[in-house]
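S.K.: First the structure, which I've put down as structure tokens, then a few questions once you've had a look.
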Amino acid sequence: MPYESNAFSLQNKVSLVTGGGRGIGLGIAEVLAGAGSDLVLVARSESQLASAAEMIKERYGREVEIISADLSQVGGYGAIVEQTMDRFGRLDVLVNNAGSNIRKSFLEFEPEDFDAVLAIQLRGAYFMAQAAARQMVKAGGGKIINLASLTSKISVPNISAYGAAKGGIFSLTKSMAVELAGEGVNVNAVAPGYVRTSMTEAAFSNSDTQDWMLSRIPMKRFGSPEDIGYAALFLACPASDYITGEVLFVDGGWMAA
Ligand SMILES: NC(=O)c1ccc[n+]([C@@H]2O[C@H](COP(=O)([O-])OP(=O)(O)OC[C@H]3O[C@@H](n4cnc5c(N)ncnc54)[C@H](OP(=O)(O)O)[C@@H]3O)[C@@H](O)[C@H]2O)c1
């Protein structure tokens, strides 16, 4: 029978979502939990993680482990995977979502700013994915989903380091996909358009910027964390088993216009 009823389910699976305490990461975590996955949520703010975990347990009845860690630091990624294995005995999905940004003109960017953005957006994502992939290869497979962006392909002013990192994520997704394809590990990315979160609050709270953003979106609405969550679910579940190295834009048509 060509239709497999579990193709869109994450029943009995374990997903690790970095930056899962708020914003897009929390939206992704909720959708994955709704599809049946237990979760590991990683970020720096323990209190935010704890309230996210409590809400998810109550609303979806899934198990949630929280790990407070600064993913911009060198090292510690293997320990996060070990803690996941100790708690659940498996790791099926990594959503590499944690991130932050510094907005400044290219002419004023300092090396420290550049390092801070790249440390979380690119180096952290790279080594978190490496630690997860090592475990997935050992287990015979898994799914890795990176967070790219519109700025993986285009740019707007004052986010040159962020754009460079997200361009790197676009390219890294393809490199990892090719290297891991023979190991049963699929690597894809979701590239959100604009979603109102702590990270984008500065852009959203300026009405001119908000109008300009909306004018670029054929669907005439901003994205929600759940919009990104459903795209991540597709890339996490068995329905996408033959897809690797793709970057799925979830942007209301921005990139098509
Ligand atoms: N919002 C958008 O329009 C948009 C568009 C395209 C792509 N994205 C991408 O989507 C992802 C999520 O962004 P968001 O908009 O949801 O931002 P957000 O609301 O600010 O959430 C960022 C998350 O990452 C965590 N994080 C940040 N720095 C960290 C660090 N050093 N170590 C561990 N965790 C860290 C934060 O928790 P703590 O601060 O507690 O650590 C938080 O949970 C990012 O990769 C972003 O680049 C966002």
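S.K.: In whole Hz and in residue order, list the ³J(HN,Hα) couplings for segment 247-257 that follow from phi through the Karplus curve 6.51 cos²θ - 1.76 cosθ + 1.60, θ = phi - 60°; x for Gly and Pro.
M.R.: Rounded to whole hertz, the list is 10, 9, 7, 10, 9, x, x, 3, 6, 8, 8.
S.K.: In addition: Could you put Asp241, Asp227, Asp113 in order, starting from the residue whose Cβ has the fewest other Cβ atoms within 10 Å?
M.R.: Asp241, Asp113, Asp227
S.K.: Can you sort Ser198, Ser68, Ser240 from fewest to most other Cβ atoms within 10 Å of each residue's own Cβ?
M.R.: Ascending number of Cβ neighbours within 10 Å: Ser198, Ser68, Ser240.
S.K.: Given a cut-off of under 8 Å on Cα pairs at least six residues apart, what relative contact order in percent is computed for segment 14-249?
M.R.: Values: 441 pairs, mean separation 50.9, N = 236.
Relative contact order for segment 14-249 comes out at 22 percent.
S.K.: Another question, if that's okay. So which lysines can Lys220 reach, going by Cα to Cα under 29 Å and dropping same-chain residues fewer than 8 places off?
M.R.: Cross-link targets: Lys104, Lys153, Lys166.
S.K.: Show the residues, 5+ positions off or on another chain, whose built amide H is closer than 5 Å to the amide H of Asn146.
M.R.: Close amide H contacts, sequence-distant or interchain: Asn96, Asn188, Ala189, Val190.
S.K.: Can you list residues whose amide H is under 5 Å from Glu65's amide H, if they're 5+ apart or on another chain and H is modeled 1.01 Å from N?
M.R.: Under 5 Å from the amide H of Glu65 lie the amide H atoms of Leu39, Val40, Leu41, each far enough along the sequence or on another chain.
S.K.: Given segment 41-103 reduced to its alpha-carbon atoms as identical point scatterers, what log10 I(q)/I(0) does the Debye formula return at q = 0.16, 0.19, 0.25, 0.30 Å⁻¹?
M.R.: These q points yield log10 I(q)/I(0) values of -0.59, -0.82, -1.27, -1.42.
S.K.: Another question, then. Write down the Kirkwood hydrodynamic radius of segment 144-186, to one decimal in angstroms, obtained as one divided by the mean of 1/r over all alpha carbon pairs.
M.R.: Across segment 144-186, the inverse of the average 1/r is 11.1 Å.
S.K.: Could I ask something else about it? Hey, what's the Kirkwood Rh for segment 29-75 if you take every pair of different alpha carbons, in angstrom?
M.R.: Radius from the Kirkwood sum: 11.0 Å.
S.K.: Here is a further query. Please work out the Kirkwood hydrodynamic radius for segment 1-88, using every pair of different C-alpha atoms, and report it in angstroms with one decimal place.
M.R.: Details: mean 1/r = 0.0748 Å⁻¹.
Result for segment 1-88 stands at 13.4 Å.
S.K.: Turning to a different aspect of this structure: With each run of n ≥ 4 DSSP H residues scored as -39500 (n - 2.57), what mean residue ellipticity at 222 nm is computed for the chain after dividing by its residue count and rounding to the nearest 500 deg cm²/dmol?
M.R.: That comes out to -13000 deg cm²/dmol.
S.K.: Could you list the GluC sites (Glu not before Pro) in segment 1-89 that lie in coil according to DSSP, counting only those with at most 13 other Cβ atoms within 10 Å of their Cβ? Please list the in-between numbers first.
M.R.: On the way: sites: Glu4, Glu30, Glu46, Glu54, Glu58, Glu63, Glu65, Glu82; in loops: Glu4, Glu63.
Those satisfying the criteria are Glu4.
S.K.: Can you give me the angle between helix 77-88 and the longest principal axis of the chain, using Cα atoms only, in degrees from 0 to 90, rounded to the nearest 10?
M.R.: Orientation of helix 77-88: about 40 degrees from the principal axis.
S.K.: Ranking Lys153, Lys13 by Cβ neighbours within 10 Å, fewest first, what do you get?
M.R.: Ascending number of Cβ neighbours within 10 Å: Lys153, Lys13.
S.K.: Spelling out what I want: for every residue of segment 227-236, take phi, set θ = phi - 60°, compute 6.51 cos²θ - 1.76 cosθ + 1.60 (Karplus), and round to whole Hz; glycine and proline get x.
M.R.: Karplus-based 3J(HN,Hα) across segment 227-236 equals 4, 6, x, 5, 5, 5, 4, 4, 6, 8 Hz.
S.K.: Using a Förster radius of 22 Å, what is the FRET efficiency between Ser5 and Asp241 based on their Cβ-Cβ separation? Nearest 0.05, please.
M.R.: Numbers: r = 15 Å, r/R0 = 0.69.
Once rounded, the FRET efficiency stands at 0.90.
S.K.: Checking the cross-link filter: which aspartates and glutamates have an alpha carbon closer than 18 Å to that of Lys13, excluding same-chain neighbours under 8 positions apart?
M.R.: Glu4, Glu30, Asp38, Glu63, Glu65, Glu82, Asp86, Asp92, Asp241
S.K.: Now for a different question. I need the semi-axes of the equivalent ellipsoid of segment 116-257: take the C-alpha gyration tensor, multiply each eigenvalue by 5, square-root it, list largest first in whole angstrom. If you can, show how the numbers build up before the last one.
M.R.: Working: eigenvalues 164, 56, 28 Å².
So the three semi-axes of segment 116-257 are 29, 17, 12 Å.
S.K.: Here's a follow-up. For the chain, just list the percent of Cα-Cα distances falling in each 5 Å bin from zero outward, please.
M.R.: The percentages, shortest bin first, are 1, 6, 14, 18, 20, 17, 12, 7, 3, 1, 0, 0.
S.K.: Another question about this same structure. Which ³J(HN,Hα) values in Hz, rounded to whole numbers, follow from the phi angles of segment 29-35 under the Karplus curve 6.51 cos²θ - 1.76 cosθ + 1.60, where θ = phi - 60° and Gly and Pro get x?
M.R.: Using θ = phi - 60°, the values come out as 4, 4, 5, 5, 5, x, 7 Hz.
S.K.: I'd like the antiparallel share, as a percent to the nearest 5, of DSSP beta bridges with both residues in the chain.
M.R.: 0 percent
A short reminder: the numbers here are calculations on the coordinates, not readings from a lab. Source: prediction; values computed, not measured. Cβ atoms come from the backbone with ideal geometry, glycine included; neighbour counts cover every protein chain shown.
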